[in-house]
Amino acid sequence: MDASLQTGSCPAGRCGGLLVRTIRKVNPNCNDLSLGGAKFFERLTPPATRCFEGGIPGAGCDVSPANFLPGCEDMISVCIDPLTFPHHTCTEVWRQVNYIDSCPVETHTVTFTITLVGNTCTGGVTYQ
C-alpha cells in the first residue's frame, strides 16, 4: 500500500494520541490487475485488558479502477477526559488488520500510552 502517516494532538482538555494515515494506492503486486470497485477497510482489535473506554472508528474507502483510493484518510485516536482516567500510566496495544474486500493485506500494531501525574496528562501513539 502507498500511504503516509502523521501524528496529531487531541483536542484541548483531552489526553491521548492521534494519528492520521492517508492511503493513496493499493498495490496488488500485479501491475495489470485492477481492484476497481473493491472496498478498503480495517478491523481494530483492542487488548483483552483495557485501561480506558472507547473504540477506534475504522476507515472504509472505495478503490478506483487504477487502484487509487481518492481522499482515503484513516484517523486512529484515543482522546479521553483526564478526570475519568483512573491510572497513573497505561499502555494499550491494538492490532489493526487492513482488508481489500475479504482479503487481509496488511497488519499493524497501534500502541497508545497515557500518563497522568497530578492534574497533568500526556499521551502518545505509535504505529508499526
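Summing +1 for each Lys or Arg and -1 for each Asp or Glu among the other residues whose beta-carbon sits under 15 angstrom from that of S4 gives -1. Electrostatic bookkeeping for P46 treats Lys and Arg as +1 and Asp and Glu as -1; over the other residues with beta carbon under 15 Å from its beta carbon, the sum is 0. A simple packing score, the average count of other Cβ atoms within 10 Å per residue, orders the peptides 44-53, 103-112 as 103-112, 44-53, with the highest score first. Since only T115, W94, L5 are under comparison, the one whose Cα sits farthest along the positive direction of the charge dipole of the chain, derived from C-beta charges on Lys, Arg, Asp and Glu, is T115.
Across all directions of projection, what mean area in square nanometres is found for the Cα convex hull of segment 48-114? That works out to 5.7 nm². Working ranking of peptides 18-24, 60-66 by packing, defined as the average number of other Cβ atoms within 10 Å per residue, highest first, is 18-24, 60-66. Quote the relative contact order of segment 34-128 in percent (integer), defining contacts as alpha-carbon pairs under 8 Å separated by 6+ residues. Reported as a whole number, the value is 28 percent.
A Förster distance of 30 Å, applied to the separation of the beta-carbon atoms of T120 and R24, puts the FRET efficiency at 0.20.
Spacing of the modelled spin labels on Q6 and T111, each 7 Å from Cα toward Cβ, amounts to 2.5 nm.
At a Förster radius of 30 Å, what calculated FRET efficiency corresponds to the Cβ-Cβ distance of T91 and S34, to the nearest 0.05?
Between T91 and S34 the formula returns 0.15.
Taking Lys and Arg as +1 and Asp and Glu as -1, the other residues whose beta-carbon sits under 11 Å from that of P70 total 0. Using only side-chain charges placed at the Cβ, +1 for Lys and Arg and -1 for Asp and Glu, the dipole size of segment 2-127 relative to its Cα centre rounds to 180 debye.
Only the coordinates and a few stated rules stand behind these numbers; no lab work does. All values derive from a computational prediction rather than experimental measurement. So basically every Cβ, Gly included, is an ideal-geometry build from the backbone, and we count neighbours across all protein chains shown.
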